[in-house]
1. Show the residue pairs that are 6+ apart or on different chains and have beta-carbon atoms under 6 Å apart, the first residue being within region B:149-176 and farther than 18 Å from residue B:40 by Cβ, the second being open to solvent by 10 Å² or more (accessible area, probe 1.4 Å) and of a type in the set (Asp, Glu).
2. Select from region B:203-251 the residues that are in contact with a helix residue (DSSP H, G or I) (Cβ under 8 Å, 6 or more places away or on another chain), more than 25 Å from residue B:416 (Cα to Cα) and among the charged types (D, E, K, R) and list them in ascending order.
3. May I ask you to list the residues in region B:244-277 that are under 17 Å from residue B:370 (Cβ atoms) and in a loop (DSSP other than H, G, I, E, B)?
4. All but one of (1) surrounded by 23 or more Cβ atoms within 10 Å (Cβ to Cβ); (2) assigned by TED's automatic domain parsing to the domain that holds residue B:296 hold for residue B:138; which doesn't?
5. Give the residue, chosen from B:103, B:91, B:153, that is in a strand (DSSP E or B), in the same structural domain as residue B:301 (by TED's automatic domain parsing) and open to solvent by less than 10 Å² (accessible area, probe 1.4 Å).
6. I'm told residue B:233 meets every condition in (1) surrounded by fewer than 17 Cβ atoms within 10 Å (Cβ to Cβ); (2) touching a residue at least 60 places away in the same chain (Cβ under 8 Å); (3) within 27 Å of residue B:101 (Cβ to Cβ) except one. Can you identify the failing condition by its number?
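The values are calculated or read from the model by the stated rules, or taken from the named source; none is laboratory data. Keep in mind it's a predicted model, so treat the numbers as computed, not measured. Positions of Cβ are generated from backbone atoms using ideal geometry, with glycine treated the same way; all protein chains shown enter the neighbour counts. Just the protein is used for accessible areas: all its heavy atoms, side chains included, with ligands, DNA and RNA removed. Shrake-Rupley method; radii C 1.70, N 1.55, O 1.52, S 1.80 Å.
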Number of protein chains: 2
Amino acid sequence: MSSAFDAVEVIRTKRDHEVLSDDAIRWVIDAYTKGGVADEQMAALLMAVLLNGMSAPELSTWTAAMIESGDRLDLSGVSRPTVDKHSTGGVGDKVSLILAPLVAACGAAVPQLSGRGLGHTGGTLDKLESIPGWRAHLSNEEIVRQLDEVGAVICAAGEGLAPADRKLYSLRDVTATVESIPLIAASIMSKKIAEGTASLVLDVKVGVGAFMKDRERAALLARTMVGLGGDHGVATMAMLTAMDAPLGRAAGNGLEVTESVEVLQGGGPADVVEVTVALAHEMLALAGITGEDPAARLRDGSAYAAYRAMITAQGGDPDAPMPVARVIEPIVAKRSGRISRMDALAVGVAAWRLGAGRARKEDSVSAAAGVVCLAKPGDEVEEGQPVFELHADRASVLDRASAALDGAIDITDGPVAPGPLVLERIGS
Amino acid sequence: MSSAFDAVEVIRTKRDHEVLSDDAIRWVIDAYTKGGVADEQMAALLMAVLLNGMSAPELSTWTAAMIESGDRLDLSGVSRPTVDKHSTGGVGDKVSLILAPLVAACGAAVPQLSGRGLGHTGGTLDKLESIPGWRAHLSNEEIVRQLDEVGAVICAAGEGLAPADRKLYSLRDVTATVESIPLIAASIMSKKIAEGTASLVLDVKVGVGAFMKDRERAALLARTMVGLGGDHGVATMAMLTAMDAPLGRAAGNGLEVTESVEVLQGGGPADVVEVTVALAHEMLALAGITGEDPAARLRDGSAYAAYRAMITAQGGDPDAPMPVARVIEPIVAKRSGRISRMDALAVGVAAWRLGAGRARKEDSVSAAAGVVCLAKPGDEVEEGQPVFELHADRASVLDRASAALDGAIDITDGPVAPGPLVLERIGS
């Protein structure tokens, strides 16, 4: 096959708004993964894709080629129905930590293979690694066994899953070709399909703190991913959820684990519970599990028991004290009134600057750093009352973090009606 | 300046149809030339430029940055007015070989710094290198002295002229970003402006044998280049000339030198003479030389004398016999009638396959190989009469060359009215 194609011809086809053949797509992805197509050629192709788009059949083949660049996990040995969730990333979005054991407690198996966080939204692995002893790397056999016995695995995606995506993602990052809906959809779905789940719920975040600021583009991304799931035999639906304010009160690795445990013990912030339960309902429906009430599983302790089993199975100590920040500094309200707006992006950037996130793949993250929102939109505050609490390992990072929060909230005298969290269901 | 910019931001600006600032353009060209911007980043930017275009001010700065990436030749010491010609390349286009000494014989200085040919159109340096002893590489001092004494130099452009163009051209070649009018214009004009000529005539070829098949795109390229010349203080005009049939009868390195000498001695094919004289008139006008008749200079031997001086000054022997092909094979007319069409591209590809051109920069070319057109459009032929003569160094290349000429001519019973050669004047 390889001799029948030429990278320049493939680029030219997309450049000239023509349709790429299935063979051309499979060839270019395979040759790029193996090094036969150069970075500069793929960069030109990616820019042409970003500007000229891809049809649904082209994108389906593109995604298939990315999956075929590596292994597809075989979960057929798992006795429970498999269902996963993917979030496009939001500030304070600790839902995965709660949802995986919750849905496991309802009888499904949740194979959540994840990456690291980059930028202002944290990664699920980074959060769990603040638990002493917990390890992210499991063998395929360990994954299957844990899914069978515990019903939930959150672990690192192995190098063998969609290696084309790893190479393409690094290239997109330096060539301003990240913001392409077909390329985003192929990146997410190739990894999720390769991980072997039978069904999938997508949480597509929309708002100032999300990658997708715009509801129409978010809906388009959601529809594109739902279509790709169907093309590859994975029952997929998507929810658009709001990401204007942070989700919950904590943004930061250890801080979010602590908040997740509160929810798993039947408490925690109402917004986190609402989104988690809504996603759990969708996952159970796709998994064909009826008669389960996820909210009750949070209250009756069975979700928390599944969480403890999940953490323990991966070497973590669920009873170990969480790391505590050496420096904690409040930021106070400048006037009295009701909080009408809290900028999730500002909170995410502050947490990142405090040490909770990384700027480059190689960076390490702090387990203790982050932001706690002591008040949320709709809450009344007095002038001088602490609204945020900055947590850090050293005082030197406080100034830049605090600067990120300048203008991050509005306080009003009038009434405040927070908008809905769940905006739209797409698919299935 | 370098710390103020980020390649991803520059790419994103052009990707999103925004205007690149002058500083951003100068930074990205400089950083790319020096290796601080990676090939894959420049490839993405070039594809964004190809698809989203550049405004006239952006392109002017882009071209300036390419010029500033290297040296600009100082021809202020030359006592004659300097004027150059550039052709976008055609099959059998040997006009430079005749025009440089012809315009020199009329009192101007022609500093023709050239590159090698690539693909189906031959390069002027390749043609002259079929003359025993002739050398393409001169120092800047030799160029200035020869311009002063002889009035014409055709030589290789040094490494120091617009090095950004050399790097960009190689990249465009492998990323399907050659066919962008702003990038073509910047590539040509950066080199011509850097060579130091005071004025410039552009011969933009249009037709099946030219890089520009389409008259509107050719006119747009011509206007773009004329504008860039003006922006950089080089008086520039362009002529669109037809390239549907080969120019003259010979396509091939040594064969074209021989035909050029015929024209310089007052004979040769009428079409070559017509285009050469028309271009000479424009060059003399731009150089401010009045009262000269180029056609008379071809007839009276003074152009030929200048040619001999130009060749001799660069070590060539104008009296040496030209290399002769070891294999010569005719292709005959399949029917009697009048030739109504002769496909320049087919003739160019045949000459290339015979050994006259190169597929890659590193390839060498044959001095003797090529195609001679024994008849041209408008000529009557008898069935079985030779129309083409294939010249090659070895018989093994004949079949593929001959295949390129299948269907290359039409023969009709009716009258044939060949179209005009000079299509349009643009600028000045």
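1. B:160/B:71
2. Hits for region B:203-251 are B:203, B:217, B:231.
3. If the condition is that a residue be under 17 Å from residue B:370 (Cβ atoms) and in a loop (DSSP other than H, G, I, E, B), then B:245, B:246, B:247, B:248, B:249, B:252, B:268, B:269 are the ones that fit.
4. Result: residue B:138 fails condition (1) only.
5. B:153
6. With respect to (1) surrounded by fewer than 17 Cβ atoms within 10 Å (Cβ to Cβ); (2) touching a residue at least 60 places away in the same chain (Cβ under 8 Å); (3) within 27 Å of residue B:101 (Cβ to Cβ), residue B:233 is out only on (2).
Yes/no per residue for (1) buried (at least 18 other Cβ atoms within 10 Å of the Cβ); (2) farther than 30 Å from residue A:239 by Cβ; (3) in contact with a Ser or Thr (Cβ under 9 Å, 6 or more places away or on another chain):
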| residue | (1), (2), (3) |
| --- | --- |
| A:330 | no, yes, no |
| A:340 | no, no, yes |
| A:355 | yes, yes, yes |
| A:363 | no, yes, no |
| A:371 | yes, no, no |
| A:388 | yes, no, yes |
| A:395 | no, yes, no |
| A:401 | yes, yes, no |
| A:404 | yes, no, no |
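Table: residues versus (1) β-branched (Val, Ile, Thr); (2) surrounded by 24 or more Cβ atoms within 10 Å (Cβ to Cβ); (3) closer than 15 Å to residue A:92 by Cβ.
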{"position": "A:204", "(1), (2), (3)": "yes, yes, no"}
{"position": "A:214", "(1), (2), (3)": "no, no, no"}
{"position": "A:244", "(1), (2), (3)": "no, no, yes"}
{"position": "A:247", "(1), (2), (3)": "no, yes, yes"}
{"position": "A:254", "(1), (2), (3)": "no, yes, yes"}
{"position": "A:263", "(1), (2), (3)": "yes, yes, yes"}
{"position": "A:272", "(1), (2), (3)": "yes, yes, yes"}
{"position": "A:283", "(1), (2), (3)": "no, yes, no"}
